[in-house]
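Following: one structure in structure tokens, then a few remarks.
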Amino acid sequence: MAVNNPQAKALAALLKPPGLTAKADLQGLAKTRGQLMRILTSMQRSYKTGGPDGGALVKRALDFLPDIGGTHRAALTGNLVQMWKEASALGCYDEDHNFTGFITRGRDSGKQAVFEHIVPLELAPRMSLDIANVRLVTPSKSRENGGDDKNHDLAFLQQLKMVEDEIEGRKELKKMEADAPVKKEVPRNKMGETAEEQARLFKLDMDRAGEAAKQPRSLNLLGRLVETPMKRNGYTWCYGIELRNTSALPTEVTVEWTLLGITEIKNLYYILGEGAQKVQLRSAGVQQHEFRTPKPESHYNNRADDLDELPPKDKRRAATETKYRGAVIRVVHGKDTVVAQWGSDATMNNFLSDDPDDKHVLTQLPKLYLTTPYKP
């Protein structure tokens, strides 16, 4: 949304309410003047350059501020649209659509427009910094020159009281939510089953199958790289698989996974991470699993350079990077019956060969995910 509405997102930062003041701030108008000038400029510039008109832009901007309640939102939108229209009627914009506040039309031409509180501070002291309680008028119509409409202002006071109550209520609700104990979400599979429910249903399947459940089953296996290193995943690699039981009988298997890297200079393979996981598949069951390297990308770099036998002070160390090469997955039934296997490409499939060459024997590769320094 922010990508498609850059003007609205920028305006949202200006619309964010400062909150209620403990007492009347006599400098409130002076403090909000610059904010209002930028807001009115944004509204006019959007309208004049083919974007949303002023009112539509404010509504879009408020979508970026979900913490603002409906009453407060209505007051902000109504006041800003009224100010924008008044500023346009008074000619308070220059040729670049900047709000200047300088009146160029009407009886007050040549004077500065006036920002004033709609409801005086003595009646609404806590709203002294909120632009929901500000209007734009000509000097001749300002409260200072006797131009205020007391009936209208008192009516608006009721709306401001509702805004105050809404702000206080939402603040209290947020505090209650923060203080409330967090209910731990119970993980469920795609069928909405908890781990306990899955285990119970698997046991029922196994009991029905009897001795036949002990035989190896036909399984389909697919894999793909799910994540590459980035800040939000701790700079690790993550590989995902989908395992499908094509049989009408349940089965229990072990998924053995290995993620491989390769050095930059000698193209030597090494292990980024490996493991084994028990999996229970019901009849015609499908499961997805993900496997992640146990260490961040930076952990492997020096160890890979050691594997390439680069001297400690070799300048090439600064230029080398940890390189992910691929994944090898085996699914084993019982002790040693392979019922499915997967290599992420043709080269990785060499590690699954019954008679691999010396370069493609998994058990002979260095395990660089270990925390001890690697020694070639």
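Listed values, structure above:
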read-out	value
Given charges at beta-carbon only (K, R positive; D, E negative), |dipole| of the stretch 234-376 in Debye	400
Acute angle (nearest 10 degrees) that the helix 150-179 long axis makes with the longest principal axis of the chain, alpha-carbon atoms	20
Distance (nanometres) between label positions extended 7 Å along Cα→Cβ at S109 and K23	4.6
Dipole moment magnitude, nearest 20 debye, the stretch 6-179 about Cα centre, only Lys, Arg, Asp, Glu C-beta charged	340
Length gained when the stretch T228-K171 is fully extended (0.36 nm per residue, less Cα-Cα span)	16.5 nm
Burial ordering of F156, F64, fewest other beta-carbon atoms within 10 Å first	F64, F156
Radius of gyration and Dmax over the Cα atoms of the stretch 249-296, both given in Å	15.2, 49
Answer label for P(r) over Cα pairs in 20 Å bins from 0, in percent (calculated), chosen among [x] 21, 28, 24, 23, 4; [y] 31, 63, 6; [z] 24, 60, 16, 0	[x]
Segment K161-N350, extension gain: residue separation times 0.36 nm, minus the distance between their alpha carbons	60.6 nm
Likely footprinting exposure, T32, T100, fewest C-beta neighbours within 10 Å first	T100, T32
Cβ-Cβ FRET estimate between L154 and Q82, R0 fixed at 25 Å, reported to 0.05	0.90
Whole-angstrom gap from the stretch 174-213 to the stretch 84-100, using each part's C-alpha centre	62
Using a Förster distance of 22 Å, the FRET efficiency for I265-L370 (Cβ separation, nearest 0.05)	0.55
Spacing of the two label points (7 Å from each Cα toward its C-beta) at S218 and S298, in nm	5.0
C-alpha long axis of helix 70-89 to longest principal axis of the chain, angle in °	60
Footprinting exposure proxy for F99, F115 (fewest neighbouring C-beta atoms within 10 Å first)	F115, F99
Cut-off under 5 Å, modelled amide H: who pairs with A24 long-range	none
Whole-Å distance, taken between Cα centres, linking the stretch 61-83 and the stretch 1-52	11
Full-stretch length increase - D94, N145 - with 0.36 nm per residue and alpha-carbon distance subtracted	15.7 nm
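Every read-out reported here was derived from the displayed coordinates using simple, explicitly stated rules and does not represent laboratory data. Because the structure is predicted, anything quoted here is derived from the model rather than measured. In this analysis, Cβ positions are derived from the backbone assuming ideal geometry, glycine residues included, and neighbour counts consider all displayed protein chains.
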